Amino acid sequence: MKRFRFHFWFNASFILLCVSVSSSLDYRLERDVVPLFYNLTIRLLADEAKPNTFNGDVSITLQAVKTDKEIKEITLHSDGLEIEECLFYNESGVLISTIDANQLTLDRTTQKLSVLLEEPLSLNENYTIRFKYSGEIGSGVEGLFATTYIEEGSGITKSVYLTHMQAINARLVFPCFDEPAFKAKFQLHIERPSGYNAISNTKQISSSLESNKRYLDHFEVTPVMSTYLLTFIVSEYTARGNESDYAVVSRPEFYDNTEFSYNVGERVLPVYEGLFQQTYKELGNELLQHATTPSFRHNTMENWGLIIYKDAVLVQKPGYTDGWSDKEFTIRNIVHETSHMWFGDSVTLSWWSHVWLNEGFARYYEFFVAHELYPEYQLDQQFVVRKLQHIFPSDAVNSTQPLTSPEESIQTSSDIYFKFANIPFAKGGSIVRMWRNAMGHDNFDAAIRDYLKQHHLGNTEPQDLFYHLKQYWPVKSELVNLDQFLYDFTEQVGFPMIVVNASFENKQIRVEQNRFLLSPDFQNLTPIGYFSKVVDVYDIWFDEAIDWIVFNLKQSNYYRVFYDAPLLNSLQLALHKSDHSGIAVENRAQIVDDLFSFAHVDYEEVFQFIEYLSQEVEFIPWYSTYQSLQLVANRLTPDQLPNFAKYLSDITSAVFRKLGASGKNSDSVLDVYNRNQQVAWLCKYQIKSCQEQVQVLYDVQKPIPDYRETFYCAVARTEGYIKILELYREEAYPTEQDLLWRAASCTRNYTGHYQNEILSYSRTLAEKKTDISQMYQQNPDLVTPIFTVRF
C-alpha cells in the first residue's frame with residue numbers, strides 16, 4: 001500500500017488576555033428563611049388587549065430557621081415581574097401587614113427582591129407571603145414563553161404556552177427562592193380560555209368553569225422539589241396513554257407517530273425501578289408524561305412528572321424520521337431524562353457548581369440502560385467513541401473546567417450556564433463509568449441505591465456520593481487512597497497520560513504516569529495506579545514472553561495511553577492480521593484516537609500505523625478514525641487532496657468491499673452507521689466506486705432515512721444538484737426540507753447557483769453564513785486560500 005505522508009509545521013504566537021473581575025455582589029440567598037409550600041395561580045390570555053402578558057398570584061409558606069440574628073427581611077428572587085400587591089400573614093392566616101412599595105427593594109443585577117418587615121420573624125413559626133403580580137410571556141425559550149406550529153390539514157397557526165425554568169428562570173414566572181437547595185411543595189392552578197387544556201407536573205384534580213367563561217384547572221401538590229423543576233403546558237395537545245399514570249402528550253396530528261416513543265418510555269421505567277430498587281411512585285409522584293414542543297432551549301428538560309422534548313425527539317414520521325439513528329436519538333433521550341427522576345428530581349444537587357451529580361449519571365445511564373433495553377445499538381461501545389473520546393480534546397485545554405467547581409466561583413447566570421457545557425455530561429458520564437468498572441457493577445449499584453434512598457427529596461454535594469461509594473469499595477487497605485482517586489478526577493481539570501515502555505527480552509513492561517497538556521498541579525491517580533503507593537513509575541514482569549499488550553481494557557478508564565515504538569509495532573502486527581478480534585473494538589478505536597492526539601510528534605508514524613485499517617471492517621474503530629481524520633483534512637491544501645483521496649481509497653478497501661453502498665437484510669445497526677460514514681467520506685473525496693454505486697441506487701429507489709442525506713449529498717456532487725433542489729421545493733415536511741437543503745450544499749458544479757439560492761431565500765444572516773460554510777466544507781478542493789497559516 002502506498003503510504004501517504006503528511007508534514008505539518010506549527011509556528012504561531014498566541015496572546016492570552018486574562019481578565020479578572022472582582023465583585024462584591026452576592027447573588028446567593030441567605031439560609032435564614034426557607035420556603036415550605038407555594039400556592040401558585042397563573043392566568044393566561046385574560047386580557048385580549050395584552051396577549052403577551054400573564055397574571056400571577058403566589059402564596060409562599062415559609063419559616064425563619066436561623067437563631068443568630070433578628071430577621072426582619074425576607075429576600076427571594078424576582079426577574080421581570082411587576083409586583084402589584086404584597087401581603088404578609090401569620091401561621092393562623094391572619095393578615096399581619098400590607099407591604100408598601102417602599103418596603104420592597106429589587107436588585108436588578110442579582111435579581112434579589114427584599115421585603116422589609118415591620119416586626120422580626122419568630123423562629124420555626126410558619127408565615128405566608130403573598131404576591132399578586134404580572135409578567136411577560138416571552139418569545140424566547142426561558143421562563144413562561146409561547147411558541148407556535150402550523151396545524152396539518154387546516155394550515156391554522158396554533159399556539160403553545162409552556163415553561164422552561166432551568167436553571168434560574170422560575171423567577172421569571174413567580175417570585176420564589178430560586179436556588180436548587182430551597183426545596184418545597186407546589187400546588188399549581190392554571191386559568192385558561194376554553195379550547196385549551198393544561199398539564200403540569202402532577203395530576204389535574206379538578207377543573208371549574210369561572211364566571212368569565214374561562215376554566216380554572218387545579219393540580220395535585222407536587223413532591224418536595226426545586227423551583228427549576230416546576231412546569232406546565234397550555235395547548236390543544238392530546239395524550240396517548242393513561243393520563244392518570246403514564247402518557248405521551250403531543251399535538252393531535254402526531255398521535256400516530258408517537259407509538260415508538262410511548263413504548264420506549266414504558267419499557268425504561270421498570271428497568272430503573274429494578275436497578276435502584278425504588279419505584280417511581282415511591283419517589284412521590286404518580287404521573288409521568290413525555291410531552292413535545294415545537295421550540296425549546298435544549299432538546300429536553302427533566303421536569304418531575306412532565307418531561308418536555310422538542311418534537312423531533314419523540315415524533316417518528318414513517319419514511320422520514322424513523323430510521324435507526326432517529327430511533328436511537330429517541331431512545332437515548334427518553335432514557336436520559338427518565339434517569340433524572342432519581343438523579344436531579346428526587347435527589348438534587350445543592351448548587352450548580354456540581355451539575356455533574358445530575359448530568360454525569362444521566363449521561364452514563366443514557367447509554368448503558370439503553371444498551372440493556374436495545375442491545376442491537378451496542379451503545380456500550382458507542383459511548384467510548386461518542387462521549388469519552390469526544391470530550392478529551394475539550395478537557396485538555398486551559399479553558400476547560402473541573403467537574404466540581406468551588407461553590408463561590410459559580411454566582412452569575414453566565415457562571416451557571418457555563419457549568420452546563422459538555423464537561424459535566426460527557427466527562428461526568430465517563431468518570432461514573434470508570435467508577436462502576438473499578439468497583440464492579442454490583443458494588444457500585446448497591447452504593448447508588450443507598451445514596452438515592454438516604455438523600456431522597458434532599459440535596460447533595462459530591463462528598464455525599466463519595467461516602468456511599470467508599471462504603472462499597474471492594475479493596476480497602478492502606479495502599480488504596482480512595483479519597484484522592486475520587487476527588488482528583490472531579491476537582492481537577494484534564495486527565496492523566498500513561499506511558500508504556502516494553503522490554504520484551506526481559507519480559508518487562510514499565511508504566512509511567514505523566515500529564516497531558518495540563519497544569520503542573522495535576523496529580524490524578526489512575527485506576528491502574530491507585531492500588532499502589534503514590535508513585536509515578538512502576539514495573540510489571542511476566543512469566544512468559546508476550547506478543548503484545550493493551551492497557552485500559554475497552555477504554556474503561558479516563559486516561560490516554562502512549563505506547564513506545566516496540567509496543568506500537570507489536571500492536572500494529574497484531575492488527576494487520578485478518579483476525580484481530582483479540583483486541584476489543586473499543587481498544588482498536590482507543591489506539592487510533594490516542595495516536596492522533598499525540599500526532600504532533602510524528603504524523604508519518606500515525607498514518608503508517610492506521611494502514612491496518614485496510615483489514616478493519618467494524619464501525620467503532622472507523623468512527624474514531626474519521627473523527628481524527630477530519631482534523632487533518634481541514635488543514636489540507638487543494639494540491640494535497642488527490643493523495644489524501646488515494647490513501648483513503650486504499651485503507652477503506654476491505655470495509656467498503658464488505659458493506660458497499662447498498663443495504664443488506666443481514667446488516668446490523670452498526671453496519672448501517674458504518675456504511676453511512678464510509679459513503680459520506682468516500683464520495684466526498686470523489687472515490688469512483690462510491691460515486692457509481694450511489695448513483696445506481698439513487699436511480700432505482702428513494703434512500704431509506706438513515707442514508708438519505710448522505711446519498712442526496714453524494715448525488716448533488718455530480719449532476720443531481722438540480723434534481724435535489726427540485727425535491728427541496730416540492731417537499732412539504734420541514735425535516736426533509738432541511739435535509740435536502742443541506743444536501744444541495746454538496747454541489748461541485750453549481751456552487752454559484754447555490755450561493756444565489758441562499759441569498760434569494762428569506763433566511764437569517766446566521767443561516768446564510770452556515771449554508772456558505774457548509775458548501776465549502778463539503779468541497780475543500782474548491783476553496784482558494786487567501787492567507788496561509790503554517791502548521
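General remarks:
- Filtered residue count, segment 221-231, keeping only those that are surrounded by fewer than 23 Cβ atoms within 10 Å (Cβ to Cβ) and either out of contact with any strand residue (DSSP E or B) (no Cβ under 8 Å at 6 or more places or on another chain) or hydrophobic (A, V, I, L, M, F, W, C) (or both): 2
- Total residues in segment 116-153 satisfying the condition of being among the charged types (D, E, K, R) and over 30 Å from ALA312 (Cα atoms): the figure is 5.
- Qualifying residue in segment 421-443 (condition: closer than 20 Å to HIS298 by Cα, surrounded by fewer than 18 Cβ atoms within 10 Å (Cβ to Cβ) and free of Cβ contacts under 8 Å to residues at least 40 places away in the same chain): yes
- Residues satisfying the stated conditions in segment 455-481, i.e. surrounded by fewer than 17 Cβ atoms within 10 Å (Cβ to Cβ), of a type in the set (A, V, I, L, M, F, W, C) and at pLDDT 90 or above: LEU457
- Strands (runs of 3 or more DSSP E) (entirely within segment 53-99) containing at least 1 residues that are among the polar types (S, T, N, Q): 53-64, 73-77, 95-98
- Number of residues in segment 374-397 that are hydrophobic (A, V, I, L, M, F, W, C), more than 16 Å from PRO621 (Cβ to Cβ) and assigned to a helix (DSSP H, G or I) equals 3.
- Residue selected from segment 289-304 under the condition touching a residue at least 60 places away in the same chain (Cβ under 8 Å) and surrounded by fewer than 19 Cβ atoms within 10 Å (Cβ to Cβ), by the criterion nearest to LEU229 (Cα to Cα): ARG297
- Residue count for segment 428-464, restricted to those that are in a helix (DSSP H, G or I) and over 30 Å from LEU25 (Cβ atoms): 25
- In segment 318-358, the qualifying residues are those that are touching an Asp or Glu at 6+ places or on another chain (Cβ under 9 Å), aromatic (Phe, Trp, Tyr) and in a loop (DSSP other than H, G, I, E, B), and the one that is nearest to ASP178 (Cα to Cα) is TRP351.
So that you can scan it fast, the table gives a plain yes or no per residue for (1) surrounded by fewer than 21 Cβ atoms within 10 Å (Cβ to Cβ); (2) of a type in the set (D, E, K, R):
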{"site": "GLY582", "(1), (2)": "yes, no"}
{"site": "VAL585", "(1), (2)": "no, no"}
{"site": "ILE591", "(1), (2)": "no, no"}
{"site": "ASP594", "(1), (2)": "no, yes"}
{"site": "ASP602", "(1), (2)": "yes, yes"}
{"site": "ASN634", "(1), (2)": "yes, no"}
{"site": "GLN640", "(1), (2)": "yes, no"}
{"site": "ARG657", "(1), (2)": "yes, yes"}
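- Picking from residues in segment 241-277 that are of a type in the set (Gly, Ala, Ser) and assigned to a helix (DSSP H, G or I), the one that is nearest to PRO318 (Cα to Cα) is SER261.
Residue-wise test of (1) β-branched (Val, Ile, Thr); (2) surrounded by fewer than 20 Cβ atoms within 10 Å (Cβ to Cβ); (3) modelled with pLDDT of 95 or more; (4) not assigned by TED's automatic domain parsing to the domain that holds LEU209.
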residue	(1), (2), (3), (4)
ALA146	no, yes, yes, no
GLU152	no, yes, no, no
ASN169	no, no, yes, no
VAL173	yes, no, yes, no
ARG192	no, no, yes, no
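- Count of segment 604-617 residues which are of a type outside the set (A, V, I, L, M, F, W, C) and crowded, with 19+ Cβ neighbours inside 10 Å: 2
- Residue within segment 756-767 that is surrounded by fewer than 18 Cβ atoms within 10 Å (Cβ to Cβ), in contact with a Phe, Trp or Tyr (Cβ under 9 Å, 6 or more places away or on another chain) and within 27 Å of SER614 (Cα to Cα) present: no
The values are calculated or read from the model by the stated rules, or taken from the named source; none is laboratory data. Predicted model, so just to flag it, every value in this text is computed and none were measured. So basically every Cβ, Gly included, is an ideal-geometry build from the backbone, and we count neighbours across all protein chains shown.
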